[in-house]
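Quick notes on the structure that follows.
The values are calculated or read from the model by the stated rules, or taken from the named source; none is laboratory data. Being a predicted model, the structure only gives us computed values, none of them experimental. Every residue, glycine among them, receives a Cβ derived from its backbone with ideal geometry; neighbour counts consider all protein chains shown. These area figures cover heavy atoms from the full protein model, side chains too; ligands, DNA and RNA do not enter into them. Shrake-Rupley method; radii C 1.70, N 1.55, O 1.52, S 1.80 Å.
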Protein chains: 2
Amino acid sequence: MHLKPDDYGLIVALDIEDENYLLEVVKSTKDYVSAYKIGWPAVLSLGMEIISKITKYAPVICDFKIADIPEISEIIARKAFERGATGIIVHSFVGEYTLKRVVDVARSYNGMTFALIYMTHKGVESVFSKVYEVLVDIVKRVNTDGIVAPATRPHIIKDLRKTFNDKIIISPGVGAQGGDVVETLEAGANYIIVGRAIYYAYNPEDAARNFYEKILSWRNSKL
Amino acid sequence: MHLKPDDYGLIVALDIEDENYLLEVVKSTKDYVSAYKIGWPAVLSLGMEIISKITKYAPVICDFKIADIPEISEIIARKAFERGATGIIVHSFVGEYTLKRVVDVARSYNGMTFALIYMTHKGVESVFSKVYEVLVDIVKRVNTDGIVAPATRPHIIKDLRKTFNDKIIISPGVGAQGGDVVETLEAGANYIIVGRAIYYAYNPEDAARNFYEKILSWRNSKL
């Protein structure tokens, strides 16, 4: 059930604070997703138990954007994998010592680590453009399973794909944040992450199927 | 009970996963602390309820090192203040849009925001030194109540004190991570954050009193 560097698919972000609604979205979209991504809004509202409730349907990537010292980051990662998470997202910004600790914990649970190199939202260029090469070097040294690259900035995905030929690239920012499915895949992403455009849709199942079919038809056009 | 830019004191970090032990440390040290700092290890082990259990004894700063997009960061901050937190820590590297949202939420709860500008652990110089000026500018524009500066790097505290004359500086990294109380205060910090050197001490109360008295005697020497 693990994500693969030679595959393509849909990851649904579940930033939902209501458990019934969250599980309803999971049950109605599960046939179209490779994994669910959950972050602090769901965990702080529903507790860490929500992770294992979702893993009954599909793998879970914990988007905790870990950005702490190594000792604390290790604990955060352990807590996620103990609950059955398949992957965890960590900021490369906090350096190789934190990343190494998270990668070690992930491996001990047969889980995956995704390093965040560039964010999706506006106003981060002044910071991330200045340290981009440094962050790329950190991720090279630590060797995570994958990276997180912004669908809102396809040129960054393109560049990271050139550098990290064998890594899984997952790309948030499709839909509400403005990223486009085909453009993101063309740039080199493996998995498209969609949140609000699915869970706020009038019919989340239709919305998920629609994104899934777009990915499928792009992949088939490349065969 | 709020922290003040013209005051000095001790903040105890509670990165403890056992509730009985955590509350025991709180009860035995409360006479010597200005606030407690709790982070993900306590919250992921004990739930968000732990915040309000600690606020019975002293103000709580949530060290969530928020490093997310604005929409998600706002939710994280709201969850902390809803539970009675007095302050929240947010990374400045995620840009002014995230910081502004967190500051706005904090103000609506009469709470405080602390922007993290430089971290304590080794291996982060290659990243943080490159964007230091950019992060300082972001914090200037957003105007948080305070900043987090590393006791392990007193020259950074000194520089930030010059730039941010009116802000509360809280400094982690004293004790187990190698920072020194007097050196940190001399550099310009208001509140010293101590974790393991207190909660792993043979007698946490004695350890807290010892740190508290060091701060007091330094302050008195300056009157």
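If you go through segment A:106-134 and keep only what is of a type in the set (V, I, T) and more than 13 Å from chain B (Cβ to nearest Cβ), you end up with just A:T113.
Condition check ((1) farther than 22 Å from A:V194 by Cα; (2) among the aliphatic types (A, V, I, L, M)) across all residues:
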| position | (1), (2) |
| --- | --- |
| A:L14 | no, yes |
| A:Y21 | no, no |
| A:Y32 | no, no |
| A:G39 | no, no |
| A:L99 | yes, yes |
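The set of residues in segment A:166-178 that are in a loop (DSSP other than H, G, I, E, B) and either surrounded by fewer than 22 Cβ atoms within 10 Å (Cβ to Cβ) or modelled with pLDDT of 95 or more (or both) comprises A:D166, A:K167, A:A176, A:Q177, A:G178.
Taking the criterion of being open to solvent by 20 Å² or more (accessible area, probe 1.4 Å) and either more than 17 Å from A:E82 (Cα to Cα) or in contact with a Lys or Arg (Cβ under 9 Å, 6 or more places away or on another chain) (or both), the residues of segment A:36-61 that qualify are A:S45, A:L46, A:E49, A:S52, A:T55, A:Y57. The set of residues in segment A:14-26 that are within 13 Å of chain B (Cβ to nearest Cβ) and in contact (Cβ under 8 Å) with a residue 60 or more places away in the chain comprises A:L14, A:D15, A:I16.
If you go through segment A:67-101 and keep only what is of a type in the set (F, W, Y) and either open to solvent by 20 Å² or more (accessible area, probe 1.4 Å) or free of Cβ contacts under 8 Å to residues at least 12 places away in the same chain (or both), you end up with just A:Y97. When A:V33, A:V12 are checked against the criterion of being aliphatic (A, V, I, L, M), touching a Gly at 6+ places or on another chain (Cβ under 9 Å) and open to solvent by 10 Å² or more (accessible area, probe 1.4 Å), A:V33 stands alone in meeting it.
Restricting segment A:135-165 to residues that are touching a residue at least 40 places away in the same chain (Cβ under 8 Å) and open to solvent by 20 Å² or more (accessible area, probe 1.4 Å) leaves a set whose member that is nearest to the other protein chains (Cβ to nearest Cβ) is A:R141. Being charged (D, E, K, R), within 15 Å of the chain's Cα centre (by Cα) and modelled with pLDDT of 95 or more is a property that A:D63 has. Identify all residues within segment A:179-202 that are in a loop (DSSP other than H, G, I, E, B) and open to solvent by 60 Å² or more (accessible area, probe 1.4 Å); write none if there are none. A:D180, A:Y200, A:Y202 - these are the residues of segment A:179-202 that are in a loop (DSSP other than H, G, I, E, B) and open to solvent by 60 Å² or more (accessible area, probe 1.4 Å).
Of all residues in segment A:102-141, those satisfying the criterion of being in contact with a Gly (Cβ under 9 Å, 6 or more places away or on another chain) and small (G, A, S) are A:A106, A:G111, A:A115, A:G123, A:S126.
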